[in-house]
Amino acid sequence: MTGTKQVNRTVEDLGSAITGSKKRISWTFLFGEEERTVVLLWSKNSGTRQVTEGGNKIDYVYEETKTGNFFFHKWDSRDVKLHIIASSRTPAKCKKVLCDNFIEFELIVNGQPFSKLPHQDGTPLPSEKGPGPHGIFDVVYPQGYDVNFTKEAPCPSHGKGDLHSVVLPSYPPIPAH
């Protein structure tokens, strides 16, 4: 993981008629000396999600139901294992225990959440306030992340794409024995 640093993360609302109905989430990071950018374009109205890396389409998903609130996608790219976990909504039953800056969209780079990578310019990471969880990564992987796990992560819900029924684990997580 040496040499991987975050450069920039942006979340843009692109919905012209309904604010927040379409989002573009971009992560730019350095892997060694090479700068890479991953983009998730998510339209809640049409149900489409598109992932690009360096301008090249990696994945395109269309859901007829348009109700999926969760998105997972894993791929290998030039010696880097990448994984997006995203939620279009903050877990409703959990809003009282989440931190103020809950991260709904996370890129995992070689097993490390983008939000926890050191900054390129040396800026310290913001302190995590509140009891947690601090982002979707903590909700989905409370016991930690295994970069070699080959299947898609299990969706912690009772219905297809339903993040509102998530039951949060104890926080901080209890280490597995």
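Give me the residue from region 5-45 that is among the small types (G, A, S), over 30 Å from G122 (Cα atoms) and surrounded by fewer than 13 Cβ atoms within 10 Å (Cβ to Cβ) and, out of that set, nearest to the chain's Cα centre (by Cα).
Taking the candidates together, the pick is G20.
For the subset of region 61-89 comprising residues that are crowded, with 16+ Cβ neighbours inside 10 Å and polar (S, T, N, Q), which member is modelled with the highest pLDDT?
Per the stated criteria, the residue is S87.
Only one of these conditions is not met by N56: (1) of a type outside the set (G, A, S); (2) at pLDDT 80 or above; (3) touching a strand residue (DSSP E or B) at 6+ places or on another chain (Cβ under 9 Å). Which number is it?
Result: N56 passes all but (3).
The values are calculated or read from the model by the stated rules, or taken from the named source; none is laboratory data. Because the structure is a prediction, the values reported are computed rather than measured. Quick reminder, even Gly has a Cβ in these numbers, built from the backbone with ideal geometry, and neighbours come from all protein chains shown.
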